[in-house]
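Here is the structure we will look at, set down as structure tokens.
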Amino acid sequence: MKFTGKVEGLHVTPRSFLPMRNMGSLELVEGLGIEGDRHSMNEAFHSDRPEEGRQITFFEAETLEALKRDHDIILRPEQHRRNVTTRGVPLNHLVGRRFRVGSCVVEATRLSTPCRHIEQITGLEIYEVLLHRAGLNAKIVKGGQIHLGDFIEPE
Amino acid sequence: MVKSIHRVTTRVMRIDQIDARVRLLHLQDPDGWDLPPFTAGAHIDIHLPSGLIRQYSLSGDPARGDTYTIAVQRQDDGRGGSRELHDNVIAGDELLVSLPRNTFPIGKDAPVTMVAGGIGITPFLSALPSLMASGQTFTLHYCARTVERASFMPMLKEMGLGDRVQFHFSETGPRLDLERVISDLTEDGHLYCCGPTRMLDAVELKSDDLGARLHVEHFGVAAGADPAYEVLLARSGQVVPVAPEQTMLQALRAADVDMPASCEGGVCLECRCRWLDGTPIHRELTMTLSDRDEWITPCVSGSAGPRLTLDL
Ligand code: FES
């Protein structure tokens with residue numbers, strides 16, 4: 001599969017439910033997660049059931065645009081609760097594959113499922129419209145720093 | 001015990017004892033991160049160290065993203081929550097709280113008249129900053145037994161609201177004339193009331209014509225409400241009440257039953273468990289009809305009868 005996409009947003013939060021903060025760069029730690037993010041610190045809502053494949057999560061900017069276009073829902077990038085907002089990357093096709101983000105490499109493990117909490121946190125009714133397009137979970141195969149604007153490509 | 005990852009973790013940053021009976025607790029994220037947002041009139045559940053859960057209105061300005069402020073009036077003959085917050089909680093302590101919920105949203109698109117009885121002032125405190133900034137017409141009636149009992153009078157005066165708030169002290173002056181308040185409402189004006197039950201009953205009796213323009217908030221919202229139904233756990237014999245505002249999953253977790261769950265929206269089926277008896281209401285989106293005869297998803301599903309038996 002061929003594609004060249006980009007990192008359009010980077011987001012972290014240290015604990016479940018807290019608003020995510022937009023960042024210029026993120027430090028990925030191989031086999032662990034993102035420095036300062038809830039999943040690497042076992043502070044996430046689902047950390048009582050840890051999952052190796054949820055070290056970093058991705059969400060398509062195109063989905064945010066579709067929500068606006070088709071449902072009149074304005075969801076901001078820092079509200080989708082994934083770590084990386086991508087543009088030009090077919091996330092749903094990447095399960096089981098490796099891809100490069102800047103100088104790092106990740107391996108997609110499964111599609112993210114939306115979580116009802118996003119409605120409580122954002123005050124928007126979006127759970128159902130996010131089904132099948134709630135992003136992608138991955139583990140970190142090669143760590144390092146990623147930045148806004150980095151290229152995303154198949155390995 | 002409720003798990004901290006399933007709640008918002010806060011630290012008591014400061015306590016202001018504003019008089020002998022009322023203290024303000026300012027809660028923040030331990031690292032100074034913004035807290036989940038809220039709107040004027042919202043409340044949170046506080047999980048007290050003893051295990052009690054109590055609801056408090058948020059009294060700070062919603063625009064201030066990093067702080068939840070609650071006002072706690074000590075109730076010596078109450079059910080213990082306020083005593084614990086007065087006697088046992090000190091600055092620096094951690095408190096787990098729920099996400100904010102708003103069953104009493106105070107709008108600023110139409111003229112607002114607020115009636116507060118005693119500590120019922122608390123939800124209005126979160127609305128005042130944005131009402132003042134919006135230029136919307138608003139009136140606040142603050143009723144208390146005596147001047148000393150109007151704990152927030154100095155604060156309101158400090159906010160420059162001395163003339164926009166009408167104080168009513170029942171021991172020394174005339175009581176609030178409710179009929180007058182209602183008849184003074186403009187055609188599009190909304191009336192918001194929070195205070196003791198006696199006061200709310202009186203308001204509801206007299207303001208029949210207001211329909212959706214009347215909003216009342218009872219103290220301790222869900223506290224003491226009758227359960228919607230109960231769940232019997234067949235293996236342990238434990239009976240778990242499910243309150244009207246709760247999901248079955250929340251009730252099970254609150255009762256210390258370790259339940260796996262992921263989406264909490266009836267899709268992933270992680271929370272699925274067997275049901276044995278009763279009349280379930282299935283609300284998940286992904287099971288086959290024949291599976292429903294055997295399984296139920298407590299994250300979204302409920303019970304049509306007073307009791308549901310689960311194979312747990
Ligand atoms: S938690 Fe996903 S169906 Fe209940």
- Does anyone have the angle between helix B:197-206 and the longest principal axis of chain B? Alpha-carbon axes, 0 to 90°, nearest 10? 80 degrees
- Could you give the alpha-carbon Rg of segment B:1-71 over 2.2 N^0.38 Å, rounded to two decimals? 1.10
- Note on the structure: Here the percent of antiparallel bridges among DSSP beta bridges lying wholly in the protein assembly as shown, to the nearest 5, is 70 percent
- Query: Of all trypsin sites (Lys or Arg not before Pro) in segment B:231-292, which ones are in loop regions per DSSP and have a Cβ with at most 12 other Cβ atoms within 10 Å?
  - Reply: B:Arg235
- Under a straight-distance cross-link criterion of Cα-Cα below 24 Å, which lysines are reachable from A:Lys139, leaving out those fewer than 8 residues away in the same chain? A:Lys2, A:Lys6
- Calculated [θ] (222 nm, deg cm²/dmol) that DSSP helices of n ≥ 4 give over chain B, each run adding -39,500 (n - 2.57): -4000 deg cm²/dmol
- Near B:Pro30, within a Cβ-to-Cβ distance under 12 Å, what is the net charge of the other residues, with Lys and Arg +1 and Asp and Glu -1? -4
- Evaluated at 4 °C and 1.567 mPa s, the Stokes-Einstein D of chain B based on the Kirkwood radius over Cα pairs, in µm²/s, stands at 60 µm²/s
- Query: Most mobile of B:Ile106, B:Ile90, B:Ile46 per a Gaussian network model of chain B (Cα springs, under 10 Å)?
  - Reply: B:Ile90
- Query: So what is the orientation-averaged projected area of the protein assembly as shown, using the convex hull of its C-alpha atoms, in nm²?
  - Reply: 25.2 nm²
- Note on segment B:32-169, DSSP bridge orientation, antiparallel percent to nearest 5 equals 40 percent
- Surrounding net charge for B:Glu171, when Lys and Arg each add one and Asp and Glu each subtract one, Cβ distance under 14 Å: +2
- Message: Step by step: find N for segment B:31-168, compute 2.2 N^0.38 Å, then divide the Cα radius of gyration by it. What's the final number?
- Response: 1.08
- Item | Label point 7 Å beyond Cα of A:Arg76 along Cβ direction - residues of segment B:24-40 with amide nitrogen under 20 Å | B:29, B:32-40
- Query: Got a sec? What order do A:His132, B:His43 fall in by accessible area at 1.4 Å, biggest, i.e. largest, first?
  - Reply: A:His132, B:His43
- Item | Residue-normalised accessible area of the protein assembly as shown, expressed per residue, 1.4 Å probe, Å² | 46 Å²
- Protein-only accessible surface order, largest first, of B:Leu99, B:Leu312, A:Leu32 at 1.4 Å: A:Leu32, B:Leu312, B:Leu99
- If the chain between B:Thr186 and B:Thr286 were fully extended at 0.36 nm per residue, the gain over the current Cα-Cα distance would be 31.0 nm
- Query: Using a simple spin-label model with points 7 Å from Cα along the Cα→Cβ vector, what separation in nm is obtained for B:Val239 and A:Arg69?
  - Reply: 5.6 nm
- Quick one: pull the percent of accessible area on segment A:1-146 belonging to carbon and sulfur, 1.4 Å probe, ligands and nucleic acids left out. 47 percent
- Message: Less than 10 Å Cβ to Cβ from A:Pro154, Lys/Arg counted +1 and Asp/Glu -1: what total charge do the surrounding residues give?
- Response: +2
- Query: In a Debye calculation with equal point scatterers on the alpha-carbon sites of segment A:82-155 and no solvent, what is log10 I(q)/I(0) at q = 0.16, 0.25 Å⁻¹?
  - Reply: -0.62, -1.13
- As a percent rounded to 5, the proportion of antiparallel DSSP bridges among beta bridges in chain B is 60 percent
- Query: Expressed as a fraction of 2.2 N^0.38 Å, the rule-of-thumb size for a compact globular protein of N residues, what is the C-alpha radius of gyration of segment A:1-45?
  - Reply: 1.32
- Note on the structure: Whole-percent carbon and sulfur contribution to the accessible surface of chain B (1.4 Å, no ligands, DNA or RNA) stands at 49 percent
- Based only on the alpha carbon positions, what is the Kirkwood hydrodynamic radius of chain A, in angstrom? 15.3 Å
- Task: Please report, largest first and rounded to whole Å, the three semi-axes of the ellipsoid equivalent to segment B:158-297, where each semi-axis is the square root of five times an eigenvalue of the C-alpha gyration tensor.
- Result: 47, 17, 15
- Message: What's the magnitude of the charge dipole for segment B:1-145 around its Cα centre, counting Lys and Arg as +1 and Asp and Glu as -1 at the beta-carbon? Answer in Debye, nearest 20.
- Response: 300 debye
- Note on the structure: On protein heavy atoms with a 1.4 Å probe, the accessible surface that disappears when B meets A, both sides summed and given to 100 Å², is 2200 Å²
- Message: Taking amide H atoms as placed 1.01 Å from N in the peptide plane, list the residues 5 or more away in sequence, or in a different chain, whose amide H sits under 5 Å from that of A:Glu30.
- Response: A:Gly143, A:Gly144
- Starting from the Cα gyration tensor of segment B:84-149, multiply each eigenvalue by 5, take the square root, and state the resulting semi-axes largest first in whole Å. 27, 19, 10
- Item | Lys/Arg +1, Asp/Glu -1 at C-beta; segment A:54-99 dipole; positive extreme among A:Ile73, A:Thr63, A:Leu94 | A:Leu94
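The values are calculated or read from the model by the stated rules, or taken from the named source; none is laboratory data. These numbers come from a predicted model, not from an experiment. A quick note on method: Cβ atoms are made from the backbone with ideal geometry, for glycine too, and the neighbour counts reach across all protein chains shown. Protein only, heavy atoms only, side chains kept; ligands, DNA and RNA dropped before computing areas. Shrake-Rupley method; radii C 1.70, N 1.55, O 1.52, S 1.80 Å.
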